[in-house]
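I have placed the structure first, in the form of structure tokens, so that the comments after it can refer back to it.
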Amino acid sequence: SVSGNEYDINKANNNAEASITVSKAADLAVTKLVNATSPNYGDLVKWTVTVKNNGPDIANDIVITDVLPSGLIIKSTTGNYANSKWTIGSLNVGQSKSFEIVTSVNKTGSLTNKVSVVGKEYDYNLANNNASRSISVPKAADLAVTKMANNTAPNYHDLVKWTVTVKNNGPDAASGVKVSDVLPSGLVYQSSSASVGSYSNGVWTVGNLAKGASASLNIVCKVNKTGSIKNTASVSGNEYDINKANNNAEA
């Protein structure tokens, strides 16, 4: 509206107006949590995704995208999760919904899981539409040991050769590999030879073993006892061993 000191001869144009139409808006915010930040290879990890509508209007046609990185294998989910997406529908102002994904860890190193959310309404704060969490998986190596004798029915005072083989099934290189093979009563040490490392005082020090690599040790003994004689070997390394069931062998 306008006015002045003088007489205004046409007050019909002293007022004017204009309108704007503000589209509905909804601030969608997504967060992500993980129940274990340093799991081991093969462990199960639970990821929790929460989306909230901060308003000012109802949010519709909400879609959360959560594409799992390489190294995470889905075991179970909650909600309508398909093709890496949750289709939620609507959220009232102030309302939240949470969803879970349980995955097995199939890779070592750093793994980052990212999530994003979109809706039908105008989102005036895009800074909270994305979230991520990372896990750090220590190196792992599945060390497997086997043992065999060249003669399972020797005579007293015969020589028997025991062959111990250790293999690294991965997924990473193994370091500090040692095999314990303490000879039982009734076996008298004669000699030994190893493809790598050395054997002394009942311990075969292998050292490093690449993924997929194997090493072998031969121990020659003199039989100094009758009856059943059992020889046992066990392997260990610096890395997390994902399968300890094959860490021991006997013949």
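The values are calculated or read from the model by the stated rules, or taken from the named source; none is laboratory data. Source: prediction; values computed, not measured. For neighbour counting, all protein chains shown are included, and Cβ atoms are generated from backbone atoms with ideal geometry for every residue, glycine included. With ligands, DNA and RNA removed, areas are computed over all heavy atoms of the protein, side chains included. Shrake-Rupley method; radii C 1.70, N 1.55, O 1.52, S 1.80 Å.
Among the listed residues 70, 116, identify the single one that is open to solvent by 80 Å² or more (accessible area, probe 1.4 Å) and among the small types (Gly, Ala, Ser). Write out each step before concluding.
Details: 116 fails: open to solvent by 80 Å² or more (accessible area, probe 1.4 Å).
Only one candidate qualifies: 70.
Can you say whether residue 181 is in contact with a helix residue (DSSP H, G or I) (Cβ under 9 Å, 6 or more places away or on another chain) and surrounded by 15 or more Cβ atoms within 10 Å (Cβ to Cβ), as far as the supplied structure shows? Explain how you work it out, then say what you get.
Details: in contact with a helix residue (DSSP H, G or I) (Cβ under 9 Å, 6 or more places away or on another chain): no; surrounded by 15 or more Cβ atoms within 10 Å (Cβ to Cβ): yes.
Spelling it out, it is not the case that residue 181 is in contact with a helix residue (DSSP H, G or I) (Cβ under 9 Å, 6 or more places away or on another chain) and surrounded by 15 or more Cβ atoms within 10 Å (Cβ to Cβ).
Could you please find all residues in the stretch 86-99 being touching a residue at least 40 places away in the same chain (Cβ under 8 Å) and surrounded by fewer than 16 Cβ atoms within 10 Å (Cβ to Cβ)?
93, 94, 95, 96, 98
Go through (1) open to solvent by 40 Å² or more (accessible area, probe 1.4 Å); (2) outside any strand (DSSP E or B); (3) at negative phi and name the single condition residue 216 misses.
Just one mismatch for residue 216, condition (2).
Mind checking whether some residue in the stretch 75-85 is open to solvent by less than 20 Å² (accessible area, probe 1.4 Å), of a type in the set (Val, Ile, Thr), touching a residue at least 12 places away in the same chain (Cβ under 8 Å) and not in a loop (DSSP other than H, G, I, E, B)? Lay out the reasoning, then the answer.
Taking the stretch 75-85 first, the residues open to solvent by less than 20 Å² (accessible area, probe 1.4 Å) are none.
No.
Suppose we filter 50, 37 for residues that are under 29 Å from residue 113 (Cβ atoms) and in a loop (DSSP other than H, G, I, E, B); which single one remains?
Residue meeting the stated conditions: 37.
Open to solvent by less than 30 Å² (accessible area, probe 1.4 Å), under 30 Å from residue 22 (Cα atoms) and part of a strand (DSSP E or B), is that true of residue 141?
no
Only residues that are part of a strand (DSSP E or B) and closer than 21 Å to residue 162 by Cα: list them for the stretch 194-208, please.
Hits for the stretch 194-208 are 194, 198, 199, 200, 203, 204, 205, 206, 207.
How many of the residues making up the stretch 32-66 are exposed (fewer than 14 other Cβ atoms within 10 Å of the Cβ) and either more than 21 Å from the chain's Cα centre (by Cα) or at pLDDT below 95 (or both)?
Total satisfying the criteria: 2.
Mind checking which residues of the stretch 184-204 are touching a residue at least 24 places away in the same chain (Cβ under 8 Å), open to solvent by 60 Å² or more (accessible area, probe 1.4 Å) and within 44 Å of the chain's Cα centre (by Cα)?
If the condition is that a residue be touching a residue at least 24 places away in the same chain (Cβ under 8 Å), open to solvent by 60 Å² or more (accessible area, probe 1.4 Å) and within 44 Å of the chain's Cα centre (by Cα), then 193 is the only one that fits.
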